Amino acid sequence: MQKLYRSLKRENPKVQQISYDEPADAVVYGVLGENMSETEAQSMIKRFTDYFVDLNDLRVSRIEEIIEVLGGDTPLNRRIAGVLNRILAAIFSEYHMVSLMTLKKAGKRPAKQTLEKLDGISLFAVNYCMLTALEGHAMPLTNKMIEYLKSNNLVDSDAVEGDIEGFLTRQIPAKNAYEFYVLLRHESELPETARQRKTKKKTVSKTKKRVE
């Protein structure tokens with residue numbers, strides 16, 4: 001895994017660390033980011049910011065309204081809207097406001113346990129929030145990231161998300177976790193043809209070195 005990390009660092013621009021002051025913002029991004037590409041998620045966050053006044057406005061909005069902002073009534077958008085509605089309602093029910101700032105004062109384990117209890121939240125959203133808002137050692141994994149690791153024989157083909165996440169956090173130090181997440185995610189979201197071109201270039205480069 002360290003070999004992959006070094007290779008991805010060489011091939012990509014320097015990663016800019018992202019940190020959320022409000023953990024609830026990270027949760028919302030996690031819900032969106034799990035279900036769309038990084039570029040699409042960033043664009044959607046901007047659309048949400050432009051449309052909704054704040055997270056409480058998002059909480060009280062109708063499911064149909066959220067679906068419209070997401071781009072239309074599809075099964076995926078309906079599911080995302082439903083998950084956002086349930087999570088924000090759960091946060092408000094617990095804290096009487098749509099904020100998770102109190103988790104910054106809790107220990108890492110209690111904070112993660114609190115997140116895991118939020119109605120509808122996924123492991124990806126929990127880990128993304130821990131990594132980007134609560135200084136936790138976590139590794140959010142999209143389906144594409146998991147598929148990439150399995151197809152390259154970097155993890156067992158039968159491994160599940162939780163096991164892979166645990167394996168990666170043992171392999172990648174906390175200080176490098178966000179960078180590795182971004183690099184791996186970017187690599188996994190490349191079109192297959194782009195990845196094939198990269199592999200071909202590496203092979204040609206190695207051949208040249210042997211000839212020289």
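The values are calculated or read from the model by the stated rules, or taken from the named source; none is laboratory data. Computed from a predicted structure; not experimentally measured. Every residue, glycine among them, receives a Cβ derived from its backbone with ideal geometry; neighbour counts consider all protein chains shown.
Of 19, 7, 43, 99, all but one fail to be touching a Lys or Arg at 6+ places or on another chain (Cβ under 9 Å) and hydroxyl-bearing (Ser, Thr, Tyr); the exception is 7.
For segment 140-168, a residue qualifies if it is free of Cβ contacts under 8 Å to residues at least 40 places away in the same chain and either in contact with a helix residue (DSSP H, G or I) (Cβ under 7 Å, 6 or more places away or on another chain) or within 16 Å of residue 9 (Cα to Cα) (or both), and the qualifying residues are 141, 146, 149, 155, 157, 161, 162, 164.
Of the residues making up segment 183-198, those that are of a type in the set (Asp, Glu) and either at pLDDT 95 or above or within 20 Å of residue 3 (Cβ to Cβ) (or both) are 187, 189. Being among the β-branched types (Val, Ile, Thr) and under 10 Å from the mean Cα position of the chain (by Cα) is a condition met by no residue of segment 150-170.
Please determine whether any residue of segment 91-98 is free of Cβ contacts under 8 Å to residues at least 60 places away in the same chain and within 22 Å of the chain's Cα centre (by Cα). No: zero hits.
Among the criteria (1) of a type in the set (Asp, Glu); (2) farther than 24 Å from residue 169 by Cα; (3) within 20 Å of the chain's Cα centre (by Cα), the one residue 38 does not fulfil is (2).
Would you check if residue 72 is on the phi > 0 side of the Ramachandran plot and of a type outside the set (S, T, N, Q)? Answer is yes for this residue.
Checked against (1) within 17 Å of the chain's Cα centre (by Cα); (2) at pLDDT below 95; (3) among the hydroxyl-bearing types (Ser, Thr, Tyr), residue 203 passes all but condition (1).
Note on segment 41-113: enclosed helices (runs of 4 or more DSSP H) holding 1 or more residues that are small (Gly, Ala, Ser) are 75-95. Can you confirm whether residue 29 is of a type outside the set (Gly, Ala, Ser), surrounded by 13 or more Cβ atoms within 10 Å (Cβ to Cβ), at pLDDT 95 or above and not in a helix (DSSP H, G or I)? Against the criterion (of a type outside the set (Gly, Ala, Ser), surrounded by 13 or more Cβ atoms within 10 Å (Cβ to Cβ), at pLDDT 95 or above and not in a helix (DSSP H, G or I)), residue 29 does not qualify.
Answer yes or no as to whether residue 24 is under 21 Å from the mean Cα position of the chain (by Cα) and either surrounded by fewer than 13 Cβ atoms within 10 Å (Cβ to Cβ) or touching a residue at least 24 places away in the same chain (Cβ under 8 Å) (or both). Quick ask: steps written out before the conclusion?
Values: under 21 Å from the mean Cα position of the chain (by Cα): yes; either surrounded by fewer than 13 Cβ atoms within 10 Å (Cβ to Cβ) or touching a residue at least 24 places away in the same chain (Cβ under 8 Å) (or both): yes.
Yes: the conditions hold for residue 24.
Out of all the residues in segment 163-182, is one or more modelled with pLDDT of 95 or more, in contact with a Leu (Cβ under 7 Å, 6 or more places away or on another chain), over 30 Å from residue 82 (Cα atoms) and surrounded by 15 or more Cβ atoms within 10 Å (Cβ to Cβ)? No, that holds for no residue.
Take residue 145 and tell me if it is aliphatic (A, V, I, L, M) and in a loop (DSSP other than H, G, I, E, B).
Working: aliphatic (A, V, I, L, M): yes; in a loop (DSSP other than H, G, I, E, B): no.
Spelling it out, it is not the case that residue 145 is aliphatic (A, V, I, L, M) and in a loop (DSSP other than H, G, I, E, B).
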